[in-house]
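Quick notes on the structure that follows.
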Amino acid sequence: MAVIATRSTTTDSADQADDEAGRRPRPPWGRLRVLLADAPTGAIVIIAALAVVAVFAPWLAPHDPLQPVPGALSTTGPAWETGNWDSVLGTDFQGRDILSRVIYGTRISLAVGLAGTLVAGSLGLAVGVVAGYLGGLVDQVLMRIVDAWLAIPALIFAVFLAMVFGNRLGIWSIVIILGAVFWTRYARVLRGEVLSLRERDFVRLAQVAGASRWRIMRRHIIPNVANTWMVLASLTVGVVIILEASLSFLGIGVPPPAPAWGSMIAEARIPLMAGKWLPVAAPAVPIALTVFAFNLLGDWLRIRLDPTQRNL
Amino acid sequence: MIAFVLRRMAASVVTLLLLSVTIFLLVRATGDPARVYAGAEASEEEVAAVREDFGLDRPLPVQYASFVTDTVKGDLGHSIQFRQPVFEVYMDRLPRSLILATVAFGLSLVIGIPAGVLSAVRPGRWSAGVFRAVALTGVSVPNFVIATTLILVFAVKLRWLPTSGSGSIKQLVMPSIALGWYFAAAMMRLTQSSMLEVMRGEYVKLARLKGVPEWIVIGKHALKNALIPVLTLAGVNFVVMVNVAVVIEQIFAWPGIGDLVYQGITLRDFPLVQGVVLMAGFMVVAVNLIVDVVYAVLDPRIRLER
């Protein structure tokens, strides 16, 4: 804020700043460092760690996540209670290794979270840009559809879609369902931005120059809503992951025996009543951490990419 | 004023029609609707009977017309497992959900709004940090994780509260906290940003220059305007809470709408789930309409714009 304020109020200091920049051109990594100066380190570390766990799951997991550990009992306690360090967090009701299931669950959560966000984001971008730029009847119709879809609460809508769809596409069913539930948010926000972009000079000039509608949307509109899209996407990942976990908890998300964190919590509710909290905590803590990290990142991006809130 | 209300009502009707088209087409586009309505375990004869009963062999526009007229008359179809009209089953369960949602909603307002105001007017204080952490947890931790944690602490370990059921005040505590937590966090975040926005306004500066005490500036001048978006969200939130407590009600065995949806899922009772979707959509559209009209009455600027 300070820099922006001095630049806009006194031209002298702005010139000085430019001179300084001219004398010592910033190396590219320097620019990146400035860009990331106030990045939420914790969130980035968590997300990076999750990505590593997801990619290297087969090497990190001590056991097969889908098969009972040979010779192990079911619902055993953690190693510090049983002394059996082969299953550090114990086994679940089918004798499967909990740690291995949590590790493989990272893959599901991240893959579904990111893919669902991408599906929702692509559809929402397309509808938002087309409605906002073309306007008129197209806009009216598309936005009324968006209103109608937004009227159904996300969880109920997802349950409905899951029942209509079934899991005929396996894990991709849930990605499509999540995309169908969340695209409307992008469409509405992006359409609003496009409405004001449409009136800007560079768009008018492109129109005068004879550029086609599709070219203007592609070259002039979409790049200018990219920031907003990024912010929406980063804030959607968390919600998508929670909704996937909720559906899996209810038994209509990722089909068993896949180790989805939500299904693991549902299965761990019986041991919980006996005071065994670890089978619940083992998947619950990673869900909370993942969503927390993406929310922090989204909050930071929102402030970082929104010029009115920028604090540099 | 009347013109404004009529226009908003027309828009709401269009929204509801599109909603019904969406649901109608989604059921038919993804497979055999007779099989969906009959349930997964139905035999071929039962599926054929459902096709006959529902008139699913008629042309689509005819089917849609009867779908809409039935829905308008309050006929949401028949539940497979309850063997009675979905609307009746829904109305049986509604009071329970209203109780739970009212308490959770109250919690979200009582906690969310003051916390949002405080963190907006005292940004540097430790309290703002605490509120921010609580709000971030609220939107990051799924409600079933909060619910299971509450059960572990207060029911299994401390034995202060019963794990499930309904009927007593004690049984309301955990489900309403688990349900309200997220909404309290959402309320807080919105109140905070709305408050910050309003505090930049000229009339707030003027009030301060006039020497109005700070707590009156905040409480009277700023808060009144800052609450407009907050209350808009609150209206919809209440309706959402009534309908989406699926996971919470299932965990705490609370016999409301959410529990109904869960039974619909496990027993593949599709008409039931579809009925809840229609009711939820209808309630959201109705609340949005009411909120808009109330604002138009209170604030002439809103009814005058286009």
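Quick rundown of the values:
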quantity	calculated
Degrees between helix B:223-244 axis and first principal axis of chain B (Cα, 0 to 90, nearest 10)	20
More than 14 angstrom apart: percent of Cα pairs within region A:57-118	55
Dipole of chain A, positive direction: furthest Cα of A:ASN295, A:TYR104, A:GLY90, with charges on the beta-carbon	A:ASN295
Candidates B:LEU206, B:LEU98, B:LEU16: whichever shows maximal mean-square fluctuation once chain B is modelled as a Gaussian network with Cα springs under 10 Å	B:LEU206
CD proxy at 222 nm, helix term only [per DSSP H run n ≥ 4: -39500 (n - 2.57); per residue of chain B; nearest 500]	-24500 deg cm²/dmol
For chain A, calculated [θ]222 nm from helices alone, where every DSSP H run of n ≥ 4 adds -39500 (n - 2.57)	-23000 deg cm²/dmol
Loop-located chymotrypsin sites (Phe, Trp or Tyr not before Pro) in region A:77-136 whose Cβ has at most 11 other Cβ within 10 Å (DSSP)	A:TRP85
Sorted by Cβ density within 10 Å, fewest first, the residues B:TYR203, B:TYR182	B:TYR203, B:TYR182
Quarter of Cα convex hull surface for region A:139-237, i.e. mean projection, nm²	7.8
Cα Rg, Dmax (largest Cα-Cα span) when computed across the protein assembly as shown, Å	26.4, 86
Cα pair distances in region A:148-198, grouped into 5 Å bins until the bin that holds the longest one, percent each	4, 19, 24, 18, 13, 9, 7, 4, 1
Cross-link partners of B:LYS220 among lysines (Cα-Cα below 27 Å; sequence separation of 8 or more within a chain)	B:LYS205, B:LYS210
Span-like helix ranges in chain A, DSSP H, alpha carbon extent 20 angstrom or more, Kyte mean at least -1.0	A:41-55, A:98-134, A:136-150, A:171-197, A:222-250, A:278-305
Most mobile listed residue (A:MET163, A:MET217, A:MET230) in chain A, GNM with C-alpha springs under 10 Å	A:MET163
Kirkwood-type radius of chain B, with distances r between different C-alpha atoms, in Å	22.1
Fluctuation leader among A:ALA209, A:ALA51, A:ALA131 - chain A, Gaussian network, Cα springs under 10 angstrom	A:ALA209
Folded to 0 to 90 degrees: helix B:270-298 orientation relative to chain B principal axis, Cα	30
Charge dipole magnitude, Cβ of K and R +1, D and E -1 - chain B, Cα centre, debye nearest 20	1920
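Only the coordinates and a few stated rules stand behind these numbers; no lab work does. Note that this is a predicted model, so its numbers are computed, not measured. Neighbour counts run over all protein chains shown; Cβ positions are idealised from the backbone, glycine included.
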